[in-house]
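Here the structure is laid out as structure tokens; the discussion comes afterwards.
Readers should treat all values here as calculations from the given coordinates under stated rules, not as data from a laboratory. Keep in mind that this is a model prediction, so the values were computed, not measured. Neighbour counts are summed over all protein chains in view; Cβ atoms, including those assigned to glycine, are modelled from backbone coordinates with ideal geometry.
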Amino acid sequence: MEERKAQLLAAAQAAREKAYAPYSHFHVGAAVMLSDGTIVQGCNVENASYGLSVCAERVALWSAVAQGRRDFVGMALVVASGSPCGACRQVMSELCPPDMPVWVQTDDGEVRRYTVAELLPDAFHPHDLGD
Ligand code: THU
């Protein structure tokens, strides 16, 4: 688990370098790991039409889905301060196992560990649609 954490944090740090954040200047990197150890990165991508901006976490998750993969086993986020936004928590909650670890490294050097369920208790889930 320590190796998985280190690999994910390194990948998220590298992804942060690619952030396109000319409006907020708030650069965020994310990385998700798949069951075979493959890592998929994401960074925040902003737009002059501000509301179209997307967070690093969703870019990483959606990139993996676009590669045909949803077998998520871990995620890391590297961010100046804070933790995943509510929208990203909802997307994680739908796509990732509830007990999946999410490591968040902030610029003060702290690394916090959450699970997906801790980030969004009592989430709205697909089964609530009654399908
Ligand atoms: N952002 C993320 O990428 N992830 C988060 O968890 C919080 C916010 C981005 C969105 C926007 O590009 C910038 O950070 C400022 O909100």
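Using R₀ = 25 Å, calculate the FRET efficiency as 1/(1 + (r/R₀)^6) where r is the Cβ-Cβ separation of Leu34 and Ala87; round to 0.05. Spell out each step's value before the answer.
Details: r = 22 Å, r/R0 = 0.89.
Efficiency computed from Cβ-Cβ geometry: 0.65.
Only Lys, Arg, Asp and Glu count, each charged at its Cβ (+1, +1, -1, -1), so figure out the dipole size of the chain about its Cα centre, rounded to 20 debye.
Details: 10 positive and 16 negative charges, 60 e Å.
About 280 debye.
Under 8 Å for C-alpha pairs, at least 6 residues apart: give me the relative contact order for the stretch 2-129, rounded to a whole percent. If you can, show how the numbers build up before the last one.
Numbers: 263 pairs, mean separation 26.6, N = 128.
Dividing the mean separation by the residue count of the stretch 2-129 yields 21 percent.
Once both labels are modelled 7 Å past Cα along the beta-carbon direction, what's the Ala21-Thr115 spacing in nm?
Rounded to a tenth, the inter-label distance reads 2.9 nm.
Give the residues of the stretch 58-97 whose amide nitrogen is closer than 12 Å to a point set 7 Å from the Cα of Phe124 in the direction of its Cβ.
Once the point is set 7 Å along Cα→Cβ of Phe124, 87, 90-91 turn out to lie under 12 Å by backbone N, inside the stretch 58-97.
What does the C-alpha gyration tensor say about the overall shape of the stretch 2-129? Classify as rounded when a/c is under 1.5, otherwise prolate if a/b is larger than b/c, or oblate. Working shown, then result.
Numbers: a/c = 1.41, a/b = 1.16, b/c = 1.22.
Judged from the Cα gyration tensor, the stretch 2-129 comes out rounded (a/c under 1.5).
Quick one: if the Förster radius is 22 Å, what FRET efficiency do Ala14 and Glu94 give, using the C-beta to C-beta distance and rounding to 0.05? All intermediate terms of the calculation are to be shown ahead of the outcome.
On the way: r = 26 Å, r/R0 = 1.19.
The pair Ala14/Glu94 has a calculated efficiency of 0.25.
For the stretch 35-74 and the stretch 3-17, what is the separation of their C-alpha centers, rounded to whole Å?
If we compute the Cα centre of each part, the gap is 14 Å.
To the nearest 0.05, how large is the calculated FRET efficiency for Glu3 and Ser49 if R₀ is 30 Å and r is the Cβ-Cβ distance? Present the calculation step by step, with values, prior to reporting the outcome.
Working: r = 41 Å, r/R0 = 1.36.
So, using R0 = 30 Å, E works out to roughly 0.15.
Treat the count of other C-beta atoms within 10 Å as a stand-in for reagent exposure and order Glu46, Glu94, Glu3 from fewest to most.
On the way: Glu46 18, Glu94 14, Glu3 8.
Ranked by crowding around the Cβ, least crowded first: Glu3, Glu94, Glu46.
Okay, helix-only estimate at 222 nm for the chain: each DSSP H run of n ≥ 4 adds -39500 (n - 2.57), divide by all residues, round to 500 deg cm²/dmol; what do you get?
Working: 4 runs with 40 residues, N = 131.
It comes out at -9000 deg cm²/dmol, rounded to the nearest 500.
Among Thr106, Thr38, Thr115, which one shows the highest mean-square fluctuation when the chain is modelled as a Gaussian network with alpha-carbon springs under 10 Å?
Thr38
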